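The values are calculated or read from the model by the stated rules, or taken from the named source; none is laboratory data. Computed from a predicted structure; not experimentally measured. Cβ: placed from backbone, ideal geometry, glycine included. Neighbour counts: every protein chain shown. SASA here: full protein model, heavy atoms, side chains in, ligands and nucleic acids out. Shrake-Rupley method; radii C 1.70, N 1.55, O 1.52, S 1.80 Å.
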Amino acid sequence: MTAAASARQILTSLHEVMASRMHAQGKLDQVVEIIGENLTSEVCSIYLLREGMLELFATRGLNASAVHVTRLAIGEGLTGLIADNVETLNLAEAKAHPDFAYRPETGEEKFHSFAGVPIVYRERAVGVLCVQHVDPRRYEDVEIEALQTTAMVLSELIANAELVDEEEALGLPPEKSGPQSLGGLTLVKGLGVGIAAFHQPRVQITQVMADDTEAERERVYRAFDKMRDQIDGLANQAEFGAGGEHEEVLETYKMFAYDEGWSRRINEAIDSGLTAEAAIERVQQHTRMRMREIDDPLLADRMHDLEDLANRLVRIVAGQIGTAAQQGLRKDTILIARNLGPAELLEYDRRRLKGVILEEGSLTAHVVIVARAMGVPVLGRAKGARGMIRDGDEILLDATAATATVRPSAQMAEAFEQRFAKSKEKQAAYAEMRDVEPFTRCGTRIQVMMNAGLRDDMSALALTGADGVGLFRTEFQFLVSATLPQRERQLKLYRDVLDTAGNKPVVFRTVDIGGDKSVPYLASGIAANDENPAMGWRALRLALTREGLMKAQARALLEAAAGRSLYVMFPMVSEVWEFDAAKAVFEEQIAFLRTNKKRVPEHVYYGAMLEVPALAETLDLLLPKLSFLSVGTNDLTQFLFAADRGNPALAERYDWLSIPIMRFLKRVVLATVGSNVDVGVCGEMGGRRLEALALLGIGFRRLSITPAAVGPIKELVRRIDLAELSQAMDRWLAQPDVNLREELAAWASEREIEAD
Ligand code: PEP
Ligand code: MG
């Protein structure tokens, strides 16, 4: 008999038992008989979780009196180990295994070989199915697969017959259910509590046995085709933007997606009578076991990729393709993902999204900037997060301390709650700074403005008392729409923003699309094929060639600001002529509006972002043309260090607070002295206290920062003496080998200035 035929026979017998009107215990008794017989195994036993212990529920071959008597803790003996690790064991000699625990009441001493598989329900082991044999031999692959299939059927039975309590099924075995902590890198500070949800949700398999094998095969074929298409298209998605690690992952994906062996094994599992979903999962369980046996860290990494892909395949088969955002968040949520794009994050409901845990991510990736703007804490570089966390786990996220506690104990949750309350108090204290003007101790007024990008962000202006919006990222509207926002929609947004801002200035940055902010409807042909999108066809470069786009935006801005002041800023200016060309688009539109007797702004102030280092060398030419200059340190620093801001491998590598960066920035400030140009910083670094100290110390008097940082930075400003600070900075900048971060921290702490 072929392997598939024997598996099919087992499944047919199981089908009959499951379909019978017998009570659950009777069915379990039958199942152990069927398995024992088909695998010619002297022993077959089923252990199920009851009151936190694995209890022998049915057996063929062990002493019948041990049923409902023998109980093992999770992690105890081989059975406990299987449940604990949720993985299969296959041993020729059970006694030789260090975890072997002998239970005299079972009479199992005469058996040598042992194989067991976990019975998994909602990603947790709720029981174990095992076989034992007198001969010391390892079980064959087909036998293990038969066990895995049976375990899946049993999990369906357990779910339907409520053999284990729902609570128990959802709780983990004590050891694994115990709190686990996860480390990473702080990407957006803050605390959050919520239930874990995967950005790419996992599918719960509800039907294991197929009604129509051919139909299942068809479903899998179609899913494979679709998955291969998706993989081929993935390179353009944010989750898999260009760059080192991602490309490797993508290559591995391709390798697996086109792997004949994988699709053949799934097909064989379908032959044995499983549904498409169950077949994919069964093959996956088997691969998992093999990979663990090989115990090679490189392979383990690849295993993650295969898991990803298998999840993707199951989701396609099951027709559950949407992200957690598309399915809607029902509770306060901590979102888990390998990586996200800014547009993907923006799809989430802000009220429910309490935090994000990424396995990758870096400080200035746009998704992180968006999260910061949304006020959502983000823990990044959290290796292994998707393995440790399960859907629905409670999570205490402390992104400030760069940790998350998964499945916390009651005490932990309580302690966290207290910290959370304290931090909210602190936030409230900062909110009280709203009406306090940021004068330094020496009496200089610092402009503390905020960054924004969406209509909703504008409420922060009144809440924080920021001096205005120093950077309004107009591309956010483009990122959140499925199609290019028409001029009327842009106009409406800009008008609303200006209305909310009242007398306070708002600096609109023209669209900065491209790089890690790709939009499908604009990418065609150009940005999509960039090998280095950050240095590619983005921002002003793209806008100047897509003249229609720039014109529409210019018109929308000019009309929105009719009768008021308009501040426009161009991103990624690399050469002076680009500024001229962009300004010309606006001037042309002003002329057009005038000719058509339409109202225009009372005054238009033009500014440029300094993000491309080369521009710093032509400031003598550029400054006379500008009203203001804003240094975009996110991009500038990536170019100065030649370190991709979105590349997770470089996330911790280069420090903004380094002598070369600070020397460069200081030269920029000095270049503006004597001009009428107002110079400021609108990159993320201005919102961090130590970095802000350094920037103020080299002469910047305007910072535009994330709203949450406005309070803390205002407080910082009020505690410093600029002469003293700039002297210290001058001293450090003269010594190229000084550790600026440490020096500044010590300087601040000596003066009892809080500046972590
Ligand atoms: C910057 O580059 O510093 C900046 C503020 O622009 P963005 O982060 O949107 O690229
Ligand atoms: Mg930028």
remark   = The number of residues in the range 57-97 that are open to solvent by 40 Å² or more (accessible area, probe 1.4 Å), in contact with a Gly (Cβ under 8 Å, 6 or more places away or on another chain) and either polar (S, T, N, Q) or over 17 Å from ILE46 (Cβ atoms) (or both) is 1
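Here is a yes/no grid of residues against (1) part of a loop (DSSP other than H, G, I, E, B); (2) touching a Leu at 6+ places or on another chain (Cβ under 8 Å):
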{"site": "VAL568", "(1), (2)": "no, yes"}
{"site": "MET572", "(1), (2)": "yes, yes"}
{"site": "GLU578", "(1), (2)": "no, yes"}
{"site": "GLU587", "(1), (2)": "no, no"}
{"site": "LEU621", "(1), (2)": "no, no"}
{"site": "LEU636", "(1), (2)": "no, yes"}
{"site": "ASP644", "(1), (2)": "yes, yes"}
{"site": "MET662", "(1), (2)": "no, yes"}
task = Go over the candidates LEU346, LEU329, LEU335 one by one and state the one that is touching an Asp or Glu at 6+ places or on another chain (Cβ under 7 Å), within 25 Å of LEU396 (Cα to Cα) and among the aliphatic types (A, V, I, L, M).
result = LEU329
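Within the bounds of the range 580-589, is there any residue that is of a type in the set (S, T, N, Q) and closer than 22 Å to PRO624 by Cα?
no
Just checking, which of VAL506, VAL469, VAL448 is among the β-branched types (Val, Ile, Thr) and closer than 14 Å to ALA560 by Cα?
VAL506 is the lone residue from the list that is among the β-branched types (Val, Ile, Thr) and closer than 14 Å to ALA560 by Cα.
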The listed residue being farther than 22 Å from GLU715 by Cβ and either at pLDDT 90 or above or under 28 Å from the mean Cα position of the chain (by Cα) (or both), out of PHE476, PHE439 = PHE476
query = When you go through (1) within 36 Å of the chain's Cα centre (by Cα); (2) open to solvent by 60 Å² or more (accessible area, probe 1.4 Å); (3) acidic (Asp, Glu) one by one for ASP620, which number turns out not to apply?
reply = (1)
remark   = Note on GLU108: of the conditions (1) without any contact (Cβ under 8 Å) to a residue 60 or more places away in the chain; (2) charged (D, E, K, R); (3) over 17 Å from VAL142 (Cα atoms), unmet is (1)
key: Condition broken by ALA643, with the remaining ones in (1) away from ligand 1 (no atom under 16 Å from the Cβ); (2) within 34 Å of the chain's Cα centre (by Cα); (3) without any contact (Cβ under 8 Å) to a residue 12 or more places away in the chain satisfied   = (1)
query = Identify, please: which residue in the range 476-497 is of a type outside the set (A, V, I, L, M) and within 16 Å of ligand 2 (Cβ to nearest atom) and is, among those, nearest to ILE446 (Cα to Cα)?
reply = PHE476
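Just checking: which of the strands (runs of 3 or more DSSP E) contained wholly in the range 390-475 hold 1 or more residues that are loosely packed, with under 15 Cβ neighbours inside 10 Å and within 16 Å of ligand 2 (Cβ to nearest atom)?
Output list is empty.
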task = From LEU154, LEU163, grab the single residue that is closer than 21 Å to ALA24 by Cβ, over 33 Å from the mean Cα position of the chain (by Cα) and at pLDDT below 85.
result = LEU163
message = Could you list, ordered by first residue, the pairs with Cβ atoms under 9 Å in which the first is in the range 568-584 and of a type in the set (Lys, Arg) and the second is within 16 Å of ligand 1 (Cβ to nearest atom) and open to solvent by less than 20 Å² (accessible area, probe 1.4 Å), at least 6 apart or interchain?
response = LYS583/VAL568; LYS583/PHE570
key: Flag for ILE231 being modelled with pLDDT of 70 or more and within 30 Å of SER13 (Cα to Cα)   = no
query = If you take the residues in the range 605-645 that are more than 12 Å from ligand 2 (Cβ to nearest atom), more than 20 Å from TYR567 (Cβ to Cβ) and not hydrophobic (A, V, I, L, M, F, W, C), which one is modelled with the lowest pLDDT?
reply = ASP644
Subset of the range 373-387 that is modelled with pLDDT under 85 and assigned to a helix (DSSP H, G or I) - its residue that is nearest to ligand 2 (Cβ to nearest atom) = ALA373
task = Please work out if LEU91 is touching an Asp or Glu at 6+ places or on another chain (Cβ under 7 Å) and touching a residue at least 40 places away in the same chain (Cβ under 8 Å).
result = no
ask   = What residue, among those in the range 2-56 that are in a loop (DSSP other than H, G, I, E, B) and on the phi < 0 side of the Ramachandran plot, is most open to solvent (accessible area, probe 1.4 Å)?
value = ARG21
request  = Look at ALA708 and say whether it is in a helix (DSSP H, G or I), under 21 Å from GLY453 (Cα atoms), away from ligand 1 (no atom under 12 Å from the Cβ) and modelled with pLDDT under 95.
outcome  = yes
ask   = Which number in (1) within 16 Å of ligand 1 (Cβ to nearest atom); (2) open to solvent by 60 Å² or more (accessible area, probe 1.4 Å) marks the one condition that MET685 misses?
value = (2)
ask   = Looking at the range 524-546, is at least one residue under 34 Å from the mean Cα position of the chain (by Cα), away from ligand 2 (no atom under 16 Å from the Cβ), at pLDDT below 80 and in a helix (DSSP H, G or I)?
value = yes
query = Looking only at the range 591-619, which residues are touching a Leu at 6+ places or on another chain (Cβ under 9 Å) and within 16 Å of ligand 1 (Cβ to nearest atom)?
reply = GLY607, ALA608, MET609, LEU610, GLU611, VAL612, PRO613, LEU615, ALA616
note = Filter the range 646-663 for residues that are within 20 Å of GLU531 (Cβ to Cβ) and away from ligand 2 (no atom under 15 Å from the Cβ); the one that is least open to solvent (accessible area, probe 1.4 Å) is PRO648
